[in-house]
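What follows is a short report on a single structure.
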Amino acid sequence: MRFTFNAEQEAFRREVVAFLEKEIPALDIELDKYEMAGGSSREFSRKLAEKKWIGLTWPKEYGGSERGYVDKMILSEQLIRHRAPTGYHFAAERQIGPAIIKFGAQWQKDYFLPRFINAEDNITFCLLFSEPDAGSDLAAIKTTAIPEGDHYVINGQKVWSSGAHSSDYGWLLARTNPDPTVPGHIACSEFILDLKTPGITIRPILNIMGEHHFNEVFFDTVRIDKKYLVGRENEGFKQIVAQLDYERAGIERLMQNHLVYERLKSYLREGEFADEDPGLVYWIKDAFARLETELTIGRLLCYQTAWMIDHRKQISSQAALCKALCSQYEHRLNDVATRLLGASSLMMGEENPYAPWEGLVAQSYLHSPSYTLQGGAVEILKNIVAQRGLKLPRA
Amino acid sequence: MDFEFSSEQEMLRKSFSNFLDKECGHDLVKEWYKNEKGYSPAVWKKMAGLGWMELICESLGNKEGTSFLDAVILFEELGRALLPSPLFTSAAVAGFILSQASDEGPGGKDIAEIMSGKKIYTAALMNERGELDHNRPGVSAVSDQNGGYRLSGTRLFVPYADSADFLLVCADLKNGGPTLFRVKTDSVGVTACPVETLYPERKCVVKLDHTFVDSSDIVGKAGNGGQYVDAVMGKITLLKCSEMLGGMSFILNTTVQYVKDRCQFGKPLGVLQTIQHYCADMATLYEGARMTNYLAASLIDDGLSAEKEVAMAKAWISDGYKKCTWISHQLHGAIGYTEEYPIHLYYRHAKENELMLGDARYHRWKLMERMGL
Ligand SMILES: Cc1cc2nc3c(=O)[nH]c(=O)nc-3n(C[C@H](O)[C@H](O)[C@H](O)COP(=O)(O)OP(=O)(O)OC[C@H]3O[C@@H](n4cnc5c(N)ncnc54)[C@H](O)[C@@H]3O)c2cc1C
């Protein structure tokens, strides 16, 4: 048992840090002040690809380095700490690539994997899972993909599809068995969907900040070649469950707002408010110490989950517990930051001279309600911990 | 990184838990609380035979092949079983302090006595308000005209002082600062009276009334007493955290099993989501406790500083263990509120240890200090 890095892990961490400290400032883009981890730069993705740091855990036969998930976590942690713009290859690497490796047809491997791993053109993906009547209850989706000769014909609607308007492909979950008496978890399949296919309409939905991130996506008799089915027909649900576990175990669920943490810490260090109301000073220190403890725990839980993957253990319950704790930490972090700064934290806008930290805090506070929903709402995650982890009976 | 104990460590754990399962059921524990000494001397002898005191004293890593993690595992198992004994105060608290001081003076012989289990030491470090006061001791040490010193003062929460052979007392030496003394409990002027507290493990009020000690009873160097205690406080605290972690694990497992078995409205309680979420919350508190505890333990085992990590562990575990016992009582209903059912012992244990060695608030403050904030 050893909860600290060994010498090789520490050396890898240093190598990553040295790379990022050199490459990120050299990039031709300005990091979005608020998009703490969501920036996108093909140039940066290519640089990572040259280091062979995309697909670090993938098998060698697909161009990967066959390293463990702990190493991958070391890389991810540093990427996020340095606010590296990984958006260009993020979904392809985290979700789509591993699913293709596990379930995909040979041509899909041959075609997509080299493109992903080299960060070539046209590799951005959005996830087309949720529907108006199927959120937490994903098995209730109604969108159908019905076989017709060499094709599937898709009809229906998706919602909350982040980035669909700027992606090349969608990763689609649809019912291949239209008989409504057959339960969803044995009636769905996964598809790769080229979003330029005729019959697809993408409409923006503005989030609470009035920004356009997610979308509604409509399918009106969309015909796709059968070769775009991933894995086996009607087994999509089984396939997706494993992918969701991997998605939940990511450290981005903990550190999307790390910039807020850093600013908060230096504010405390500089002690600008030291002679203010002693009650505030005491409270804020106590609150920050709680955050620090949760961050430490969240980080170790992420690493533990990665380690469990490396040791071929069942991770569902651990990943769920980890994600629930991490996303609640981020929510609290942003709240604490507003209370430290007081009413001035309400000021928004980069150009607003009265806004502390360029209005970062108000911005993150508005992001917060989504963390405990996307990728599995906290309540659903607790159900998983109770039922799969603690083996409590299902109702 | 390695998130699992090695097979040797697991075997060690098994050997501890096998012994405790056999020797110390909750019925016996409750009997021992009330017996003359507050523990079972027969079981103590067996523990000595198994080398537990030695394992703890040597876990500081002064010897090849010893590991702090072994002591962590031992205290986890002790916390699961809630075995009452002077092991913590004698081997961990007094043992660690004596080892720390022995680099600068005598003490080696005392440690050998502790390790054999033949002599029991206890630490009397808390003042009448229940605060650790080793840096400004509320006990005075005045030079005696025939050489040596006279100690006077009152100590609270001294574990097993009524049956221990020696007390470690930090006293304010006139013009010399906080100084550690070894006091024979049968010296003239020492009284040790058991007192009733919320958690029934034996604790005494110790009064020192012009108690004579020789200058050879100074532990380490005069004036350095507070430093010795501070130097080992992190390790002592982490072993206490490990004991609390063991208690948490008992509470989690017992409660989850109970809600699987207990039926109401024709179904096990455990099918209800409210109940499941309470259990998931306990599991999360427990996982967080493991993370902080083992992180600090890993650093200590590597001989690195872990003050920040120990503070996080004690802060999280103090709150988390207590909350788990609250949930456990809620989910057990009235049966849990009976003297016979064991969970109240953990409810008590959690509260006592929340407040011992610094509560969560104190350790969060310490954590901020360590971070320079
Ligand atoms: C910012 C953002 C981005 C997103 N991006 C995508 C995307 O790219 N692609 C995509 O497919 N989806 C996306 N989603 C959708 C996300 O996956 C869903 O929001 C999530 O699955 C919850 O579904 P819902 O919103 O329909 O809420 P509901 O399922 O209706 O849940 C509402 C509330 O009820 C609770 N609840 C539901 N069922 C239970 C139960 N069994 N027990 C206890 N409580 C329950 C939930 O926990 C929640 O608190 C995104 C969501 C957000 C907020």
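At-a-glance table
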{"item": "Exercise: per-residue mean of other protein chain Cβ atoms within 10 Å, A:316-324", "result": "2"}
{"item": "Averaged over A:131-142, number of beta-carbon atoms from partner chains that fall within 10 Å", "result": "0"}
{"item": "Accessible area per residue, Å², chain B with all protein chains present, probe 1.4 Å", "result": "41"}
{"item": "Cα gyration tensor, region A:7-123 - rounded (a/c under 1.5), prolate or oblate", "result": "oblate"}
{"item": "Chains B and A, summed buried accessible surface - 1.4 Å probe, Å², nearest 100", "result": "4400"}
{"item": "Theoretical ellipticity at 222 nm over chain A - DSSP helices of four or more residues, -39500 (n - 2.57) apiece, nearest 500", "result": "-13500 deg cm²/dmol"}
{"item": "Carbon and sulfur %, accessible surface of chain A computed with the full protein complex present, 1.4 Å", "result": "51"}
{"item": "Surrounding net charge for B:Asp172, when Lys and Arg each add one and Asp and Glu each subtract one, Cβ distance under 11 Å", "result": "+1"}
{"item": "Among B:Ala296, B:Ala231, B:Ala101: highest mean-square fluctuation, GNM of chain B, C-alpha pairs under 10 Å", "result": "B:Ala231"}
{"item": "Rounded percent of accessible protein surface that carbon and sulfur make up, region B:74-146, 1.4 Å probe", "result": "46"}
{"item": "Efficiency of FRET from Cβ geometry, A:Lys51 and A:Glu8, R₀ 22 Å, rounded to 0.05", "result": "0.85"}
{"item": "Alpha-carbon centroid distance for the pair region B:216-271 / region A:58-123, whole angstrom", "result": "42"}
{"item": "Karplus-derived 3J(HN,Hα), 6.51/-1.76/1.60, for each residue of region A:40-57, Hz, glycine and proline x", "result": "9, 8, 5, 4, 5, 4, 5, 5, 5, 4, 4, 6, 6, 9, 9, x, 4, 8"}
{"item": "Reachable lysines, given that their alpha-carbon falls under 22 Å from the alpha-carbon of A:Lys102 and they are not under 8 places away in the same chain", "result": "A:Lys52, A:Lys60, A:Lys72, A:Lys226, A:Lys227, A:Lys238, A:Lys313"}
{"item": "Over chain B: helical MRE at 222 nm, DSSP H runs n ≥ 4 each giving -39500 (n - 2.57), nearest 500", "result": "-16500 deg cm²/dmol"}
{"item": "Separation of the A:Glu15 and B:Asp2 label points, Cα + 7 Å toward Cβ, nm", "result": "2.3"}
{"item": "Taking region B:1-122 and dividing mean pair separation by its residue count, relative contact order in percent (alpha carbons under 8 Å, at least six apart)", "result": "29"}
{"item": "In region A:319-360, the chymotrypsin sites (Phe, Trp or Tyr not before Pro) that fall in loop regions by DSSP, at most 16 other Cβ within 10 Å", "result": "A:Tyr354"}
{"item": "Aspartates and glutamates whose Cα lies under 19 Å from that of A:Lys382, excluding same-chain neighbours fewer than 8 positions away", "result": "A:Asp137, A:Asp245, A:Glu247, A:Glu294, A:Glu330, B:Asp281, B:Glu287"}
{"item": "Threshold 40 Å², region B:1-28 residues less accessible with all protein chains present than alone (1.4 Å probe)", "result": "B:Met1, B:Asp2, B:Phe3, B:Glu4"}
{"item": "Residue-by-residue Karplus 3J(HN,Hα) for region B:277-284, coefficients 6.51, -1.76, 1.60, Hz, glycine and proline x", "result": "5, 4, 5, 5, 5, 4, 4, 5"}
{"item": "Sorted peptide list for B:118-131, B:21-34, criterion being average Cβ within 10 angstrom, highest first", "result": "B:118-131, B:21-34"}
{"item": "With Cα atoms, 0 to 90° folded angle of helix A:236-248 axis to chain A main axis", "result": "10"}
{"item": "Peptide B:287-297 - average C-beta neighbours from other chains (10 Å radius)", "result": "5"}
{"item": "Rounded FRET efficiency, nearest 0.05, which uses the C-beta distance separating B:Tyr341 from B:Leu28 and R0 of 25 Å", "result": "0.95"}
{"item": "Nearest-ten-degree value, helix A:7-26 long axis tilted from longest Cα axis of chain A", "result": "90"}
{"item": "Region A:189-267 and region B:2-69: distance between their alpha carbon centers, rounded to Å", "result": "52"}
{"item": "Helix axis angle, B:7-23 relative to chain B longest principal axis, alpha carbon, degrees", "result": "90"}
{"item": "Nearest-0.05 FRET efficiency for A:Ala105 and B:Leu50, computed from C-beta distance (R0 60 Å)", "result": "0.50"}
{"item": "Loop chymotrypsin sites (Phe, Trp or Tyr not before Pro), region A:197-298, which have at most 15 other Cβ atoms in a 10 Å radius of their Cβ (DSSP)", "result": "A:Phe273"}
{"item": "Accessible area per residue, Å², chain A with all protein chains present, probe 1.4 Å", "result": "43"}
{"item": "Per-peptide average of other Cβ atoms within 10 Å, ordering A:160-167, B:195-202, B:260-267 highest first", "result": "A:160-167, B:195-202, B:260-267"}
{"item": "Loop-located trypsin sites (Lys or Arg not before Pro) in region A:153-224 whose Cβ has at most 10 other Cβ within 10 Å (DSSP)", "result": "A:Lys196"}
{"item": "Threshold 30 Å², region A:359-395 residues less accessible with all protein chains present than alone (1.4 Å probe)", "result": "A:Lys382, A:Asn383, A:Leu390, A:Leu392, A:Pro393, A:Ala395"}
{"item": "Spacing of the two label points (7 Å from each Cα toward its C-beta) at A:Lys227 and A:Lys313, in nm", "result": "4.2"}
{"item": "Highest-MSF residue in chain A out of A:Thr296, A:Thr124, A:Thr305 [GNM, Cα springs under 10 Å]", "result": "A:Thr296"}
{"item": "Separation of the B:Val195 and A:Arg388 label points, Cα + 7 Å toward Cβ, nm", "result": "5.1"}
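The values are calculated or read from the model by the stated rules, or taken from the named source; none is laboratory data. Note that the structure is a prediction, hence the values are computed from the model and not measured. Backbone-built Cβ (ideal geometry, glycine too); neighbour counts: all protein chains shown. For the accessible areas, the whole protein counts, side chains as well, though only heavy atoms, and no ligand, DNA or RNA atoms are used. Shrake-Rupley method; radii C 1.70, N 1.55, O 1.52, S 1.80 Å.
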